[in-house]
1. Filter the stretch 41-59 for residues that are part of a loop (DSSP other than H, G, I, E, B) and without any contact (Cβ under 8 Å) to a residue 12 or more places away in the chain; which is surrounded by the most Cβ atoms within 10 Å (Cβ to Cβ)?
2. Can you tell me which residue within the stretch 10-35, out of those that are among the hydroxyl-bearing types (S, T, Y) and closer than 25 Å to Y132 by Cβ, is surrounded by the most Cβ atoms within 10 Å (Cβ to Cβ)?
3. Would you call P2 out of contact with any Cys (no Cβ under 7 Å at 6 or more places or on another chain), surrounded by 18 or more Cβ atoms within 10 Å (Cβ to Cβ) and either at pLDDT below 95 or among the acidic types (D, E) (or both)?
4. All but one of (1) of a type in the set (A, V, I, L, M, F, W, C); (2) in a helix (DSSP H, G or I); (3) closer than 16 Å to Q97 by Cβ hold for A27; which doesn't?
5. State whether one or more residues within the stretch 114-127 are within 13 Å of the chain's Cα centre (by Cα) and on the phi < 0 side of the Ramachandran plot.
6. When only residues in the stretch 119-136 that are open to solvent by less than 40 Å² (accessible area, probe 1.4 Å) and assigned to a helix (DSSP H, G or I) count, which is nearest to G8 (Cα to Cα)?
7. Under 8 Å between Cβ atoms, which residue pairs at least 6 apart in sequence (or on different chains) link something in the stretch 1-17 that is closer than 17 Å to Y56 by Cα with a partner that is open to solvent by 20 Å² or more (accessible area, probe 1.4 Å) and among the polar types (S, T, N, Q)?
8. Among the residues of the stretch 94-117, are any over 19 Å from W153 (Cα atoms) and open to solvent by 40 Å² or more (accessible area, probe 1.4 Å)?
Amino acid sequence: MPLIMMTGYPSSGKSTRALELKRLFEAKLSEPEHQHRRLTVQIIDDAYLGVTHDAYAKPSAEKIARGALLSAVERLVSRETIVIADTPNYIKGLRYQLYCVSREVSTTQCVVHCAISVDAARRINQARADGYSDALFEELVMRYEEPNPAAKWDSPLFTVIQHDPADQLP
């Protein structure tokens, strides 16, 4: 899956799961039977794009952030690079645009939905030094469009349920 779109509420574990996936892919790709493949793994997140949380508070700044994400994915996605888009991806229209980018280069994509209750995500967000402001957190939760496995741009859809911080991908 050369394009992996992470989605979920703020503080739902998207970045944690993206890093776990990156480590998992890199470990698998370093095994002798896969060393003939020249695949690399790249995470595109807000830090990579130079986007701050404040960008999601204003529609004009958010549009620029989404444009930066689309440009980065267009630049990096290929059959030789596994791209993990670790940004909010909470708007189905953005996920559709990313789906179209992957189709243009004849590669596959999937969506990883990090499921968590709003209350649990709120607690995690409030405990973080770099969390979203309370008002922005609530706005992002209200704007979130949950992925629909029946939609081609949200399929295949993998849901990862956040139970415990000690839970790890196998």
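1. So the residue we want is T52.
2. Checked the stretch 10-35; the qualifying residue surrounded by the most Cβ atoms within 10 Å (Cβ to Cβ) is S12.
3. yes
4. (3)
5. yes
6. It comes out as A121.
7. Going by the 8 Å Cβ cut-off, the qualifying pairs are M6/S15; S12/Q162.
8. yes
The values are calculated or read from the model by the stated rules, or taken from the named source; none is laboratory data. The structure presented is a predicted model; accordingly, all values stated were derived computationally and were not measured. All Cβ positions, even for glycine, are placed from backbone atoms using ideal geometry, and neighbour counts span all protein chains on display. For the accessible areas, the whole protein counts, side chains as well, though only heavy atoms, and no ligand, DNA or RNA atoms are used. Shrake-Rupley method; radii C 1.70, N 1.55, O 1.52, S 1.80 Å.
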